[in-house]
Amino acid sequence: MALTGGSGQLGRAIIRQLAGREDVSLLALNRSETAQPEADNVRRVITNLKDTGKIDSLLQEFQPTVFIHAAATGMQHPRPDFSTLADVNVRLPVQLAEAAGRVKDCSFLHVSSGLAYQDQGRPLREDDPLETAHLYGASKALAEKELKTFALGSKLHLIIVRPFSFTGEGDVGTRLFPSLLQHATAGVPFEMSTGDQVRDHSSVDDIAAGIVAAASLTSKTEPAAIYNLGRGDTRTLRELVEFVIEELQIKVEGRFGTRPLGADEPMFLVPDLRHVQATLDWKARENIAHAVWRLARSSYPALNLKEPARQV
C-alpha cells in the first residue's frame with residue numbers, strides 16, 4: 001500500500017492500523033517530518049506530492065496494490081480560500097490518481113467527506129446527491145466528480161470513503177473536542193452554538209479501520225466503490241457534548257447558544273451505514289467519550305479525567 005497524509009491525524013491512525021502487519025508493506029508519502037514509532041513494514045519518505053516525477057519513481061519502485069490518499073486541507077479555522085482548497089483537495093488527488101493508474105493493478109482510495117452531501121434531514125446514503133455550501137465539503141464533492149470521470153476513462157479502480165466527524169489522538173486546533181479540552185485546561189467556559197444540529201462523531205481509529213477494510217477488498221467489479229464511515233449516531237451536538245463532559249467528569253461550563261451557527265453548516269449530518277456494514281463487515285465500535293479521553297491523555301495531560309468504558 002501507499003499512503004499520503006501520514007503526518008495528519010487520520011493518516012497516523014491508518015499507519016497505527018497497519019504497522020507491524022506481516023501481510024502489508026506501506027509506503028508513507030509525507031510532506032513533513034512527524035514523530036512516530038518505527039515499524040519494519042512502514043517506509044516513510046518526505047516528498048513534495050506535486051512532484052510528479054518523484055511520485056512516479058517511488059510508486060514504480062514500490063508497486064503498491066492500492067494508493068490511499070488521505071492528505072487534505074480546510075478543516076481548521078480560518079479556512080483557506082477556495083482556490084487553495086481546489087488546488088490541494090481537487091487537483092492534487094486527480095494528479096495522484098493518474099500516477100496510481102500508471103502502476104499495474106493499483107487501485108486508488110480517495111478519502112472524501114460526509115460534508116460533501118446535500119443535507120437531506122435524515123441519514124445519508126451513498127447515492128444521495130453531493131451538493132453543499134460548505135467550502136471544504138464542496139471541494140471534496142468536486143474531487144469525487146473529477147476522479148470518477150478519470151477512473152471511467154482510464155479503467156482505474158476507484159474507492160471513495162466518506163468519513164463523517166471523528167476525534168481521538170492527534171485531534172488539534174479549532175475542532176470541537178480539542179476546543180472543549182483547551183477551555184477546560186484554561187478554566188474558562190466553553191461557548192458554542194445552540195447545539196441543535198445533529199452530528200455523527202466516531203473515533204479516528206474506527207474510521208482508520210474502515211479505510212483499511214475498504215482498501216483490503218480484492219473485488220474490483222465496481223468502477224467506483226463508495227462507502228460511508230461513521231457510527232450512525234443521531235444525537236444533537238449539545239447532547240453529545242454534554243454526554244462527553246459527564247462521562248469524563250470534565251470541569252468546564254458549557255454555554256450553548258452564545259455563538260452563531262455557521263451559515264454553511266448542515267443541520268443533519270449522519271451516515272446511513274447499511275451498505276458499508278453489509279459490504280465490508282465493519283462497524284465503528286469505540287465509545288466517542290473514550291476517544292476524547294485518549295485525546296486528553298495524549299495532548300492535555302494536566303486534565304485529570306475519568307476513563308469511560310471503551311465501548312458502548
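What number of residues within segment 142-175 satisfy the criterion of being closer than 16 Å to Arg91 by Cβ, of a type in the set (Ser, Thr, Tyr) and touching a residue at least 12 places away in the same chain (Cβ under 8 Å)?
Count: 0.
Sort out which residues of segment 235-255 are β-branched (Val, Ile, Thr), surrounded by fewer than 21 Cβ atoms within 10 Å (Cβ to Cβ) and not in a helix (DSSP H, G or I), and write them in order of number.
Thr236, Val252
Of the residues that sit in segment 184-205 and are in a strand (DSSP E or B) and touching a helix residue (DSSP H, G or I) at 6+ places or on another chain (Cβ under 6 Å), which one is nearest to Glu242 (Cα to Cα)?
Among those residues, the one meeting the criterion is Phe190.
Which condition breaks for Thr279 when tested against (1) under 30 Å from Ala138 (Cβ atoms); (2) of a type in the set (S, T, N, Q); (3) at pLDDT 95 or above?
(3)
So, in segment 117-147, how many residues would count as being more than 20 Å from Ala263 (Cβ to Cβ) and small (Gly, Ala, Ser)?
Looking only at that region, the number is 1.
Does segment 204-227 contain any residue that is in contact with a Pro (Cβ under 8 Å, 6 or more places away or on another chain) and charged (D, E, K, R)?
Checked segment 204-227: no residue is in contact with a Pro (Cβ under 8 Å, 6 or more places away or on another chain) and charged (D, E, K, R).
Since Pro163 meets every condition but one in (1) out of contact with any Lys or Arg (no Cβ under 9 Å at 6 or more places or on another chain); (2) farther than 20 Å from Leu10 by Cβ; (3) buried (at least 16 other Cβ atoms within 10 Å of the Cβ); (4) not polar (S, T, N, Q), which condition does it not meet?
(2)
Any idea which of Asp272, Asp233, Asp264, Asp206 is at pLDDT 95 or above and in contact with a His (Cβ under 8 Å, 6 or more places away or on another chain)?
Within the list Asp272, Asp233, Asp264, Asp206, the selection yields Asp233.
Please determine whether any residue of segment 270-288 is among the aliphatic types (A, V, I, L, M), farther than 18 Å from Val172 by Cβ and surrounded by fewer than 17 Cβ atoms within 10 Å (Cβ to Cβ).
yes
So, of the residues in segment 2-29 that are without any contact (Cβ under 8 Å) to a residue 40 or more places away in the chain and not in a loop (DSSP other than H, G, I, E, B), which turns out to be surrounded by the fewest Cβ atoms within 10 Å (Cβ to Cβ)?
This residue is Leu27.
Kindly indicate which of Ser57, Ser32 is more than 30 Å from Gly173 (Cα to Cα), exposed (fewer than 14 other Cβ atoms within 10 Å of the Cβ) and either free of Cβ contacts under 8 Å to residues at least 12 places away in the same chain or not β-branched (Val, Ile, Thr) (or both).
Matching residue, one of Ser57, Ser32: Ser57.
So which helices (runs of 4 or more DSSP H) are wholly in segment 54-171 and hold at least 2 residues that are among the hydroxyl-bearing types (Ser, Thr, Tyr) and on the phi < 0 side of the Ramachandran plot?
In segment 54-171, 82-86, 135-154 are the helices (runs of 4 or more DSSP H) which contain 2 or more residues that are among the hydroxyl-bearing types (Ser, Thr, Tyr) and on the phi < 0 side of the Ramachandran plot.
Under 8 Å by Cβ, and 6 or more places apart or on different chains, what pairs join a residue from segment 286-312 that is in contact (Cβ under 8 Å) with a residue 60 or more places away in the chain with one that is part of a helix (DSSP H, G or I) and of a type in the set (Ser, Thr, Tyr)?
Within 8 Å, the pairs are Tyr300/Thr185; Ala302/Thr185; Leu303/Thr185.
Please determine, by comparing only the residues of segment 30-53 that are of a type in the set (Val, Ile, Thr) and assigned to a loop (DSSP other than H, G, I, E, B), which one is farthest from Leu92 (Cα to Cα).
Ranking the candidates gives Thr34 first.
Considering every residue within segment 110-122, establish whether at least one is out of contact with any Ser or Thr (no Cβ under 8 Å at 6 or more places or on another chain), surrounded by 21 or more Cβ atoms within 10 Å (Cβ to Cβ) and aromatic (Phe, Trp, Tyr).
no
Looking only at residues in segment 265-312 that are among the small types (Gly, Ala, Ser), within 26 Å of Ala213 (Cβ to Cβ) and not in a loop (DSSP other than H, G, I, E, B), which one is nearest to the chain's Cα centre (by Cα)?
It comes out as Ala291.
Of Arg43, Arg79, which residue is surrounded by fewer than 18 Cβ atoms within 10 Å (Cβ to Cβ) and free of Cβ contacts under 8 Å to residues at least 24 places away in the same chain?
After applying the criteria, what remains is Arg43.
The values are calculated or read from the model by the stated rules, or taken from the named source; none is laboratory data. If you're wondering where the values come from, they're calculated on a predicted model, not measured in any experiment. Counting neighbours? That spans all protein chains shown, and the Cβs are built from the backbone with ideal geometry, glycine included.
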